[in-house]
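The values are calculated or read from the model by the stated rules, or taken from the named source; none is laboratory data. These numbers come from a predicted model, not from an experiment. Cβ sites come from the backbone with ideal geometry, for glycine too, and all protein chains shown count toward neighbours.
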């Protein structure tokens with residue numbers, strides 16, 4: 001479920017356990033198993049390349065349109081996920097890049113490259129709570145996190161867009177996290193997160209993420225073609241639309257190094 005945020009467009013959220021085994025599980029065990037199943041299904045790739053259109057909509061209706069090229073590399077049998085986001089439009093932001101290294105067993109790393117001053121800034125964990133390029137996504141929303149970093153609980157079965165879903169709550173073990181909990185509606189058929197609610201540390205709903213326009217790659221993996229993040233406090237929203245998508249094109253690890261950031265444009 002951790003990739004139900006931005007990387008849901010690329011990675012998206014193993015078949016479920018047999019019904020007799022699922023029935024015997026506690027709510028906590030079933031919630032974690034659903035998260036693991038979703039993660040395993042979403043990680044059935046080596047690399048992904050995509051073009052994403054990001055549109056932020058103000059309460060007045062004014063839109064800010066950006067376009068970025070995104071690459072994701074899955075190495076070490078899913079123990080390490082590397083991603084690189086590079087803006088191509090508008091011209092004033094061309095070359096701005098965000099590099100993320102997510103690890104299963106050690107602290108994640110994240111860097112922001114600003115081409116106008118030719119500077120790479122390493123983002124500390126506290127700095128990842130801020131807005132990413134003025135959108136309704138935070139930097140922390142854009143870096144995968146280990147399933148083991150959360151406690152899970154299956155809540156109920158429900159429906160979203162006439163699709164049968166399992167509703168799972170996850171809460172971070174780290175109390176310094178941006179959200180106190182997230183509640184996700186996982187499509188039972190393809191394990192895609194169709195809806196995710198985010199809650200503040202005061203347990204108030206702050207944002208909702210909706211996934212629509214399901215697309216299927218040449219290996220039969222399904223992913224949302226459009227994500228919409230709505231901020232209930234500001235009234236603003238950010239749309240992420242998948243314009244182009246390719247899987248397993250042969251990306252190399254050196255393309256995701258800090259040194260490569262300056263040449264990523």
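Some points to look at:
- Of all residues making up the stretch 233-265, the number that are assigned to a loop (DSSP other than H, G, I, E, B) and surrounded by 16 or more Cβ atoms within 10 Å (Cβ to Cβ): 3
- Scanning the stretch 111-131 for residues that are touching a strand residue (DSSP E or B) at 6+ places or on another chain (Cβ under 6 Å) and surrounded by 12 or more Cβ atoms within 10 Å (Cβ to Cβ) yields 111, 112, 113, 120, 121, 123, 129.
- Among the residues of the stretch 150-175, those that are under 25 Å from residue 216 (Cα atoms) and part of a strand (DSSP E or B) comprise 157, 158, 159, 160, 163, 164, 165, 166, 167, 168.
- Some residue of the stretch 94-107 being out of contact with any helix residue (DSSP H, G or I) (no Cβ under 8 Å at 6 or more places or on another chain), at pLDDT 90 or above and surrounded by fewer than 20 Cβ atoms within 10 Å (Cβ to Cβ): yes
- Filter pass, residue 183 being within 18 Å of the chain's Cα centre (by Cα) and at pLDDT below 85: no
- Among the residues listed as 88, 135, the single one being part of a strand (DSSP E or B) and at pLDDT 85 or above: 88
- Test for residue 178: is it modelled with pLDDT under 95, at positive phi, in contact with a helix residue (DSSP H, G or I) (Cβ under 7 Å, 6 or more places away or on another chain) and part of a loop (DSSP other than H, G, I, E, B): no
- Note on the stretch 59-77: among residues that are in contact with a helix residue (DSSP H, G or I) (Cβ under 8 Å, 6 or more places away or on another chain) and surrounded by fewer than 22 Cβ atoms within 10 Å (Cβ to Cβ), the one that is nearest to residue 120 (Cα to Cα) is 71.
- Applying the set (1) within 17 Å of the chain's Cα centre (by Cα); (2) closer than 21 Å to residue 145 by Cα to residue 237 leaves exactly one unmet item: (2).
- Meets criteria (under 14 Å from residue 196 (Cβ atoms), in contact with a strand residue (DSSP E or B) (Cβ under 8 Å, 6 or more places away or on another chain) and surrounded by 14 or more Cβ atoms within 10 Å (Cβ to Cβ)) for residue 155: yes
- Single unsatisfied condition, residue 64 versus (1) over 19 Å from the mean Cα position of the chain (by Cα); (2) assigned to a strand (DSSP E or B); (3) at pLDDT below 90: (3)
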